[in-house]
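Undergrad: The structure follows.
The values are calculated or read from the model by the stated rules, or taken from the named source; none is laboratory data. Just so it is clear, the model here is predicted, and its values are computed rather than measured. Reconstructed Cβ throughout: ideal geometry from the backbone, glycine too, with neighbour counts over all protein chains shown. Calculation scope for accessible area: heavy atoms of the full protein, side chains included, ligands and nucleic acids excluded. Shrake-Rupley method; radii C 1.70, N 1.55, O 1.52, S 1.80 Å.
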Amino acid sequence: MIYRPRILRQSPAIRNMVTETRLTPANFIAPLFIVEGESVNEEISSLPGYYRKSLDMTLLEVEALWSLGIQCVLLFIKCKNALKDNAGTEALNAQGLMQRSIRAIRNVCPEMCIMTDIALDPFSSFGHDGIVSGNEIVNDATVSVLAKMAVSHAEAGAHFVAPSDMMDGRIGAIRQALETAGFHHTGIMSYSAKYASCFYGPFRDALDSAPGFGDKKSYQMNPANRLEAIKEVRLDIAEGADIVMVKPALSYLDIIREVKNEVVVPVSAYHVSGEYAMIKAAAQKGWLNEQQAMMETTLSIKRAGADLIATYFAKDIAKLIS
Ligand code: PBG
């Protein structure tokens, strides 16, 4: 035999020397769900071990994440039903929960990179990511609200805005709105290839944001499509995206790799709520080792090509590797 591949696997030292992919806390983005109130720390039933927190509790969490080496948080807020409408009014409120949260997090942890969700679903009386007219999710009217929303988050101090809505042309409109308003340092992490996936279920429970009618297939992508992901990514980069995202992650590892091969901007992947819930559920039944499943899963996402991974496991992984 000329080659014995097992030579490179024979001891921990040698295996460590030839490890191709390593996870570090800086690879992770921690999503946070923020609700009104004080001292609120409610476990989300379909996301065991994950919590909706009021802002005071969120600030403690941000400090804990920072001390573990996590350097980026992605903010989602749960909007009160009474404030929801079909125009995204509350999304633009300078004193809204999102805007207050951004300011407060910057205050307690100025170095933490703050990313904010841009989409109307948490604010929509229809639970859709855009403005609804009849059965249609209206593109251009939605885009102009999203651009204002992005400026409002930038004013509050967001470092990156993260449009998760999949409307056409929103990256260009947001970039232009940020430039016009003088926010030359605000980044855009675009959910470029976001698929219409069943794996968002627990997230919609967390924010009470499930679509009231129909589904999201007229704006989120068909899971059968691959080339379309490349088209979306190219468009978003041409319109000014700094980071492009593929979402979900695990059923779309091929797309992550293809996007990684195609672009020269950082690629992120969102290991979504349903993917987390599957591991938690199997672990609760004693069918999987949770830590091993968590590490193997996130490693596979990085190996596929993701430079950044948004995951509900961010804190647990940081604890384990630091
Ligand atoms: C909505 C949004 C969703 C997620 C992030 N932003 C759900 C959806 O599109 O319905 C899902 C995240 C997750 O499942 O963890 N703009």
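One line per residue, one yes/no per condition, for (1) surrounded by 15 or more Cβ atoms within 10 Å (Cβ to Cβ); (2) out of contact with any Cys (no Cβ under 9 Å at 6 or more places or on another chain); (3) β-branched (V, I, T):
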| site | (1), (2), (3) |
| --- | --- |
| E258 | yes, yes, no |
| V267 | yes, yes, yes |
| A277 | yes, yes, no |
| N289 | no, yes, no |
| A293 | yes, yes, no |
| E296 | no, yes, no |
| L299 | yes, yes, no |
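Undergrad: Which pairs do you get when a residue that is without any contact (Cβ under 8 Å) to a residue 24 or more places away in the chain, found in the stretch 26-54, comes within reach of a residue that is open to solvent by 40 Å² or more (accessible area, probe 1.4 Å) and among the hydrophobic types (A, V, I, L, M, F, W, C), reach meaning Cβ atoms under 7 angstrom, with the pair 6+ apart or on two chains?
TA: Within 7 Å, the pairs are S39/M57; V40/M57; N41/M57.
Undergrad: Right, another one. Tell me which helices (runs of 4 or more DSSP H) are completely within the stretch 202-315 and hold 2 or more residues being of a type in the set (D, E, K, R) and away from the ligand (no atom under 14 Å from the Cβ), or say none if there are none.
TA: Numbers: elements: 227-239, 253-262, 273-284, 290-304.
Result: 227-239, 253-262, 290-304.
Undergrad: What are the residue pairs meeting all of these: first residue in the stretch 82-95, first residue closer than 18 Å to D208 by Cα, second residue open to solvent by 50 Å² or more (accessible area, probe 1.4 Å), Cβ atoms under 7 Å, and 6 or more apart or on different chains?
TA: Note: pairs meeting the criteria are K84/S125; D85/S125; N86/S125; N86/F126; E90/L83.
Undergrad: For the stretch 1-119, give me every one of the helices (runs of 4 or more DSSP H) that falls completely inside it and has 1 or more residues that are open to solvent by 20 Å² or more (accessible area, probe 1.4 Å) and touching a strand residue (DSSP E or B) at 6+ places or on another chain (Cβ under 6 Å). Please lay out each step first, then the result.
TA: Numbers: elements: 12-17, 55-67, 97-108.
In the stretch 1-119, the matching helices (runs of 4 or more DSSP H) lie at 55-67.
Undergrad: Report, ordered by the first and then the second residue, all pairs with beta carbons closer than 9 Å, sequence separation of six or more or different chains, a first member in the stretch 202-231 that is on the phi > 0 side of the Ramachandran plot and touching a residue at least 40 places away in the same chain (Cβ under 8 Å), and a second member that is near the ligand (Cβ under 10 Å from one of its atoms) and assigned to a loop (DSSP other than H, G, I, E, B).
TA: D208/G127; G214/H128
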